[in-house]
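Input: a single structure, listed below in structure tokens.
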Amino acid sequence: MHAAAKRAVAMFASRNQSAPPLPRHSTKLKHPIDRRPHPMAHLFFAASIQRHIPLPERDVTACSVDEALSVAFAEEPRLRGYILDDQGGLRRHLAVFVDGKPVRDRRRLSDPVETDSRIYVVQALSGG
Amino acid sequence: MNDDRLLIGTRKGLFVFEADGAASNRWKQSAHHFIGEPVSSALADPRDGSLYAALNLGHFGVKLHRLPAGATEWHPCATPVYPPQPEADAEVQAAAEPFTNADESPDSLTEPSTNGATPAPEPLWSLEQIWTLEAGGPDQPGILWAGTIPGGLFRSDDHGETWTLNRPLWDRPERREWMGGGYDHAGIHSVLVDPRDSRHVTVAVSSGGVWQTNDSGATWRQTAYGMQADYMPPERREEPNVQDPHRVMHCKAAPDSLWTQHHCGIFRSTDGGEHWTRIEAQPSSFGFAVAAHPHEPDTAWFAPAVKDAFRIPVDGRFVVTRTRDGGRTFEQFADGLPPVPAYDLVYRHGLAVDSTGTRLAMGSTTGGLWTSVDSGESWHEVSAHLPPIYHVSFA
């Protein structure tokens, strides 16, 4: 499980005993020797998500998509279950775009983000 | 609980109907909760009067909400969460995920091995649907059971605030052999708590037979012997773990009397599920729903369709069947139901009987809702224009 998800699970677990147990080394930093300044990206959630949980667009300090999402999850813990499945991967019918390109790593959301990257969390269109 | 309310879970929300005064077969809609959202299951807890609604938001997953007795605002409960999946299983699942980077050719994805040397691919250990919600026994306030897809049984000891997967059943090697029935992955749709002993719980799986515990879920045993799965190769048709009981109900006053509407017909047990006997009914033995009389173990109702490959009423004539002699004979009732041709289908949780055994309610995939006050012999149309109905219960 990726680092941001571990942190999110930790927050979740404090509220919900049925959350998965924390893996070992859960406090290990993902980039322990990365001393670059973290970029400020812009995070947007589609209106269909905001129908359930209001989430104004915001700037987040993050090096990767998972770190960006973890910021939002920290503010609104219920959001995690709307975006990620039980194993911490991106839900099957959601997509995340970074600067117009779909993320490559749907399981760990490790795709990097740059300063001024624009991260969109959207849903696939299906159903009736 | 006086059975004067109906909970109707539909593709577009949870509807509540209330009995309309003295006319006991007249119901009026009193509430529409979660407008536009699919409600896969609902529960009125007889122990404290609270309501629960399980939503399936599709893109955003499964959610569970609770409305305490006397409250006006629903509040979100925790949702059952599966434990971390072993990495090898997760790798197989990742290869099957639909969204990949456009630059990545599908050919580069790893195909799961099909040479028989590896176990059957596991579904992603992630909640797809709460298929049924049931209250624990009257001596277990706050305890809830949730039957889920994929193949899970969860228990909450605190009104849904936290949930725990029952590992003794989940970890049974037979669970890996369960097949999807109705949905892509196997699921638990029936949970029966024994009124004589709350530690005795019976669950039914599409497709994985019938499992029982006598120790609150610490150990389980398969109890689908006698069922017959005509869809399997001949040498495997009587294996209990391949059976697809669409719905299992018991007589509350005589819980050893069990009925199932199985994928391949109607089966009955009079010995607590140790042995099942096949029953032939007219116009058909195929269907999804069954309601068992709360006091008369020989009485049950069904809503038949032609057969598994033809899931519409026989000859377009929508009927309810009833047996009062343990399945030896069946009566057919159509009074008050739509005229020929009608194409209503009643899902697993779409047929309910009240605590007296005289009032019934039934909802269809076409959005029809009917009630009966004469033990199913005649019906009153409450609405013909609801969304597709998944769940009907008296509350």
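The values are calculated or read from the model by the stated rules, or taken from the named source; none is laboratory data. On a predicted model such as this, the values are computed, not experimentally measured, just so you know. Please note: Cβ atoms are built from the backbone with ideal geometry, for glycine as well, and neighbour counts cover all protein chains shown.
Among the residues here, B:D171 qualifies as more than 12 Å from the chain's Cα centre (by Cα) and more than 22 Å from B:A42 (Cβ to Cβ). Scanning the range B:355-373 turns up no residue that is among the basic types (K, R) and under 15 Å from B:G265 (Cα atoms). Taking residues in the range B:304-332 that are under 17 Å from B:S364 (Cβ atoms), and partners anywhere that are among the charged types (D, E, K, R), the pairs with Cβ atoms closer than 7 Å and at least 6 places apart or on different chains are B:A305/B:R311; B:P313/B:D344; B:F318/B:D344; B:T321/B:E331.
Okay, residues lined up against (1) assigned to a loop (DSSP other than H, G, I, E, B); (2) over 19 Å from the mean Cα position of the chain (by Cα):
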position: B:F288; (1), (2): no, no
position: B:F302; (1), (2): no, no
position: B:Q332; (1), (2): no, yes
position: B:L345; (1), (2): yes, no
position: B:A352; (1), (2): no, no
position: B:T358; (1), (2): yes, yes
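Within the range B:48-66, the set of residues being more than 8 Å from chain A (Cβ to nearest Cβ) and free of Cβ contacts under 8 Å to residues at least 24 places away in the same chain comprises B:L55 only. Residues of the range B:73-91 that are more than 7 Å from every other protein chain (Cβ to nearest Cβ) and at pLDDT below 95: B:P86, B:E87, B:A88, B:D89, B:E91.
Being within 14 Å of another protein chain (Cβ to nearest Cβ), buried (at least 18 other Cβ atoms within 10 Å of the Cβ) and not in a loop (DSSP other than H, G, I, E, B) is true of B:R155. Taking the criterion of being of a type in the set (A, V, I, L, M, F, W, C) and either out of contact with any strand residue (DSSP E or B) (no Cβ under 9 Å at 6 or more places or on another chain) or free of Cβ contacts under 8 Å to residues at least 40 places away in the same chain (or both), the residues of the range B:67-83 that qualify are B:L67, B:A69, B:A71.
For the range B:229-250, the tally of residues that are farther than 23 Å from B:P173 by Cβ and surrounded by fewer than 22 Cβ atoms within 10 Å (Cβ to Cβ) stands at 2. Looking only at residues of the range A:40-98 that are touching a Pro at 6+ places or on another chain (Cβ under 7 Å) and among the charged types (D, E, K, R), we find that the one that is farthest from B:P123 (Cα to Cα) is A:R78.
Pairs needed: first member in the range B:335-364, basic (K, R); second member anywhere, not in a strand (DSSP E or B); C-beta distance under 9 Å; at least 6 residues apart or different chains. Qualifying pairs under 9 Å: B:R348/B:G182; B:R359/B:D3; B:R359/B:V373; B:R359/B:D374; B:R359/B:S375. Residues in the range A:86-109 that are at the interface with chain B (Cβ under 10 Å from one of its Cβ atoms), of a type in the set (A, V, I, L, M, F, W, C) and part of a strand (DSSP E or B): A:L90, A:L94, A:A95, A:V96. Taking the numbered list (1) modelled with pLDDT under 95; (2) surrounded by 15 or more Cβ atoms within 10 Å (Cβ to Cβ) in turn, A:L84 passes all entries but (1). Among all positions in the range B:268-285, there is no residue which is within 17 Å of the chain's Cα centre (by Cα) and modelled with pLDDT of 95 or more.
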